[in-house]
Amino acid sequence: MEQIKLFSGQALPLEMHKVRIVEKLNLIPVEERAKAMIEAGCNTFLLRNKDVFMDMLTDSGVNAMSQNQQAAMLVADDSYAGSESFYRFESKIQELFGMNFVLPAHQGRACENILSQVYVKDGQFVPMNYHFTTTKAHIQLNGGTVVELMTEEGLKINSDEMFKGNMDTNALAKFIKDKGPENIAFVRMEAGTNLIGGQPFSLKNLEEVSNLCHHSNILLVLDASLLSDNLYFIKKREEDFKNQSIRQITKKIANLCDIIYFSARKLGSARGGAIVVRKQEDYDRMKGLITLYEGFLTYGGMSVREIEAITIGLEETMDENMINQGPQFIEYMTNELLKAGVPVVTPAGGLGCHINAKDFLPHIPQEQYPAGALAAALYVTGGIRGMERGTLSEERQSDGSETLANMELVRIALPRRVFTLSQVKYVIDRIIWLFNHRELVQGLVFELEPEILRFFFGRLTTISPWIEDLVKKFREDFGDSL
Ligand SMILES: *Cc1c(COP(=O)(O)O)cnc(C)c1O
């Protein structure tokens, strides 16, 4: 998005693309939404897409593609071995990151599987700014322990810190000294830190982390799945780099790391992933497992069409007007909600707008999943599908007690270039309405609780018939509007 000034002086994010392929959306009446939510066990993952108006569950695999990406998919080179599509993909990555070796994989967690199997030994530690669900699971599966060394500001819901994704480098230095480099599998930095609200690290912080790692001969691994948002924030918020191009900043970041991996469901706006390495020896250690788990080294579980789309998508990531669309919509939404008093995570990050359910629904104890209840209520209110990121997404302790999450968030994801501003304004309106009737929303209780990843498949029910109350109020306030 260009910085276009309006005559009114209002700051409005302006789309720098036009829509040429559309998908019809359906907004079913509030009574039917209530029924659908109850049938889905009050779990937004279990809704049918046909019942959803604004699908803001995630940014994974649902970003809009450009016409150039679609065009490239038609000329893909479909062959098991030696596909030209792969060589185009490889050379684009080599050009952008300045690293020599590219291992293709079918998505981000597949990269994490291979990296963890190769580098994590039983009893070793993996310090990181913050964990991601699949990353942590793979490291633990291989006997490793995740150690989060985020700065204190990172875990505050509201902060003036522009780089809440930063690592606490003093803590990292101390950790390396205390445990010894031989007990550290690698250090991991996550761009656009997902679970704390899409928050970036600064380039300066990454430099410090890199120095500490390399001083002790420890590998620095970058999870670049949400790199596009982080690149934009470095350019926008970090004084030293505001005159550098996105391409230059990307190269600087890559130069500090030994291994980079990403989910192309986010970075590149297609579906796939890759591990990118600087040294032949690291490439050699992983290539066998890529062939075993993903596929031959020139497709790695991806279709050649997706490989072509990612190649173009990566180049488009170098365009500031492309990567600023998501963050600017999110900032707009965050600011409008703040004006109405709705508690949200600040500063606005990438990926989505994050509502603080603890303050939105202070009358619901964490054991009754305030973020889960808010996600359910938001769907009933407006056909809006967000994602619970709180206690429901944790696993129980071995004694059966709850693990109370640090934060109770509902993520309203903004898949890139998918929604228009009027749709975003509608979502803001419905969230504000719900906030004004928040006392109607009550807690949830499990009806069927799976042992692992319960947030995906678990079914819950309301502790009182509050969904009916919400529908009644909606009708009072909106008449026969949908
Ligand atoms: C989504 C994501 C992953 C996992 O990628 P998938 O393609 O969903 O397997 C890993 N790390 C981060 C930071 C992510 O956002």
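Laboratory data are not the source of any read-out in this text; all were calculated from the coordinates shown. Just so we're clear, the structure is a prediction, and the values are computed from it rather than from any experiment. Cβ atoms come from the backbone with ideal geometry, glycine included; neighbour counts cover every protein chain shown.
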**Message:** Taking 0.36 nm per residue of sequence separation and subtracting the Cα-Cα distance, how much length would be gained by fully extending the chain between Arg247 and Glu281, in nm to one decimal?
**Reply:** 9.5 nm
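Let's test the formula: R0 of 35 Å, r as the Cβ-Cβ distance of Glu39 and Lys174. What FRET efficiency results, to the nearest 0.05?
It comes to 0.10.
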**Request:** Just check region 105-171 against the gyration tensor rule for me: Cα atoms, a ≥ b ≥ c as the square roots of the eigenvalues, rounded for a/c under 1.5, and otherwise prolate or oblate depending on whether a/b exceeds b/c.
**Result:** prolate
**Request:** Please figure out what share of the DSSP beta bridges in the chain is antiparallel and state it in percent, rounded to the nearest 5.
**Result:** 60
**20 Å Cα-Cα threshold exceeded, pairs from Lys251/Lys287; Lys164/Lys235; Lys5/Lys266; Lys204/Lys252** = Lys251/Lys287; Lys5/Lys266
**Label-to-label distance, nm, for residues given as Arg237 and Lys24 (7 Å Cα→Cβ offset)** = 4.2
**Item:** Degrees between helix 325-339 axis and first principal axis of the chain (Cα, 0 to 90, nearest 10)
**Value:** 40
**Asked** Between region 31-48 and region 307-335, what's the alpha-carbon centroid distance in Å?
**Response** 31
**Complete:** For region 282-341, shape from the Cα gyration tensor axes a ≥ b ≥ c, cut at a/c of 1.5 then a/b versus b/c, turns out prolate
**Prompt:** Angle, helix 421-436 long axis vs. longest principal axis of the chain, Cα atoms, 0 to 90°, nearest 10?
**Reply:** 60
**Request:** Starting from the Cα of Phe7, step 7 Å along the direction of its Cβ; do the same at Glu95; then give the gap between the two resulting points in nm.
**Result:** 4.3
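Need one word for region 67-319: rounded, prolate or oblate. Basis is the Cα gyration tensor (sqrt eigenvalues a ≥ b ≥ c); a/c below 1.5 gives rounded, then a/b vs b/c decides. Let's see the in-between values first.
Details: a/c = 1.92, a/b = 1.29, b/c = 1.49.
Cα axes put region 67-319 in the oblate bin.
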**Item:** Sorted by Cβ density within 10 Å, fewest first, the residues Asp359, Asp223, Asp399
**Value:** Asp399, Asp359, Asp223
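Which of the GluC sites (Glu not before Pro) found in region 385-482 are loop residues per DSSP with 10 or fewer other Cβ atoms within 10 Å of their Cβ?
Glu451
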**Asked** With axes computed from alpha carbons, what is the tilt in degrees of helix 108-119 against the longest principal axis of the chain, rounded to the nearest 10 within 0 to 90?
**Response** 40
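Kindly work out what percent of the DSSP beta bridges joining two residues of region 67-319 are antiparallel, to the nearest 5. Mind dumping the intermediate values first?
On the way: 12 of 25 bridges.
The answer is about 50 percent antiparallel.
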**Message:** Give the separation of the Cα centroids, region 177-229 to region 459-482, in Å.
**Reply:** 45
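With runs of 4+ DSSP H residues as the only contributors, calculate the mean residue ellipticity of the chain at 222 nm using -39,500 (n - 2.57) per run, divided by the residue total and rounded to the nearest 500.
The per-residue figure over the chain is -12000 deg cm²/dmol.
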**Request:** Any chance you could list the semi-axes, whole Å, largest first, of the equivalent ellipsoid that the Cα gyration tensor gives for the chain, using √(5λ)?
**Result:** 36, 26, 23
